[in-house]
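The structure under discussion appears below in the form of structure tokens.
The values are calculated or read from the model by the stated rules, or taken from the named source; none is laboratory data. Only a predicted model underlies this, so the values are computations on that prediction, with no experimental measurement involved. Here the Cβ is made from the backbone with ideal geometry for all residues, glycine too, and neighbour counts use every protein chain on show.
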Amino acid sequence: MSKVSESSSASHSDTDSGRDRLTTGGAARSAKLASIPLSAIGRSAVGFGRQMIGQSNELVSKEMQAKTAEQVFRVLGELKGGAMKFGQALSVFEAALPEEFAAPYRETLTKLQEAAPPLPARVVHRVLAEQLGEDWRDNFSQFNDKPAASASIGQVHRGVWKDGRQVAVKVQYPGAAEALISDLNQIQRFAKIFQLFMPGLEMGPLLEELRARIIEEVDYQYEAQAQRICAAEFEGDPDIAIPNVVAASDKVLVSEWLEGIPLSKIISKGTKEQRDAAGIKLARFHFTAPTRVGLLHADPHPGNFRLLDDGRLGVLDFGACNRLPNGFPEPFKRLLKNALDGNAQALYDGFKADGFILPEVNVDPQLVLDYLLPLVEPLRQERFKYSRDWLRIQSARVGDPRNPTAKIGFQLNLPAEYMLIHRVTLGTTGIFCQLGAEGNFLAEAISWLPEIAPTARV
């Protein structure tokens, strides 16, 4: 296999004008992104005026936070490329937002992903020739020009490798990397704007971490490396299946095809046994992978998992991975144990020491514990049943401005090194609730993280 070119110049021919969707309309994209800080400045001026005529500082601040959040998520949701990827990553903070703003944002992202128009076959063939060599067809006995799936930066085709293996061929959109980097550079310029609706966050380091992780996703060689490591470790595992990498270049990744029922179908039509099995095995994968391979799969959504005929959980898409060479960080495990023990003061002290609460912020330790308990509730019972109703109740509890606990979400910081762990925690919790999965999640956790075993029940 030969890699013909690393240059993007060949992928921007005039004949493909209008098809290179991520690089067209650069001025319009920049204008949309620039509208966020400009609007925030105007909003600040109006807010100051309202304070001058006697309106409550707290009420004005909450209104500004809500309106800024609404615009940030709407603009990021409307754009593809780096803006869309950033919006997806930023969605881990939805729980701190009023549902009327978070819900439309989720809907926008879903519609965009579902409606992404495919690349024409001739462009796909050109990318394959650039990345695998002009004789790329010699590698395949069959190749389907119609994509089996599409996403924000690439699409997947089904084929048959020359040795007879069924394969998935992931092809990156021309110009995706350039558009992504351009978007992220501009987003970083107005980092402080995000603190208008999340004032407790130290946004600079967090945005740097997001930028680094998202840029990794356009390097398919990087993804292939992570997938190879995981596939080798989980080879022969009775519960988890990870497809082997067949071939890889910067913008093309060929993996063995995993035939199974997508988790989205298990969610909509699966039996209770299938739902429970999928939930427990997903938990097992996320609890064990950092210890076994030093990696945490950081893109948890139903499209990346499927239930195989032999009962194993198939795991796809290793573009977003958190490198954890020593497993889960010790502070994370310590904080989790303090929460499970219901030790509010120890939890607060740990949050202060590890940067989850900035030095200038002072909050009631009990409120911090109360805010976090919903996240660890499934690990405080020997058997727990996730549900959409449970998630709605907890989301409403922490999102209700009348609830003192809700204010804590706006005062907490998320250290950059925990960003992906947080993303995975929220993402998998969402999947568990969609599945309505029931099981002993505590046993799964402490089997690989024995140090978090609670010593007291509250």
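Brief remarks follow.
- Under the condition of being surrounded by fewer than 16 Cβ atoms within 10 Å (Cβ to Cβ) and either in a helix (DSSP H, G or I) or of a type in the set (Asp, Glu) (or both), the residues counted in segment 379-396 number 6.
- Against the criterion of being part of a helix (DSSP H, G or I) and more than 18 Å from the chain's Cα centre (by Cα), residue 266 qualifies.
- Taking each residue of segment 426-439 that is among the aromatic types (Phe, Trp, Tyr) and looking for partners that are in a helix (DSSP H, G or I) and crowded, with 20+ Cβ neighbours inside 10 Å with beta-carbon atoms closer than 6 Å, six or more apart or interchain, yields 432/279.
- Every test in (1) more than 21 Å from the chain's Cα centre (by Cα); (2) free of Cβ contacts under 8 Å to residues at least 40 places away in the same chain; (3) surrounded by 19 or more Cβ atoms within 10 Å (Cβ to Cβ) is passed by residue 372 save one, and that test is (1).
- Residues that are hydrophobic (A, V, I, L, M, F, W, C) and under 19 Å from the mean Cα position of the chain (by Cα), drawn from segment 279-312: 282, 283, 285, 287, 289, 295, 296, 298, 305
- Among the candidates 430, 409, 439, residue that is touching a helix residue (DSSP H, G or I) at 6+ places or on another chain (Cβ under 9 Å) and either crowded, with 20+ Cβ neighbours inside 10 Å or at pLDDT 95 or above (or both): 439
- Residue match in segment 319-332 (condition: surrounded by fewer than 20 Cβ atoms within 10 Å (Cβ to Cβ), farther than 30 Å from residue 177 by Cα and aliphatic (A, V, I, L, M)): no
- Of the listed requirements (1) touching a Pro at 6+ places or on another chain (Cβ under 7 Å); (2) within 30 Å of residue 140 (Cβ to Cβ); (3) surrounded by fewer than 19 Cβ atoms within 10 Å (Cβ to Cβ), residue 263 misses just one: (3).
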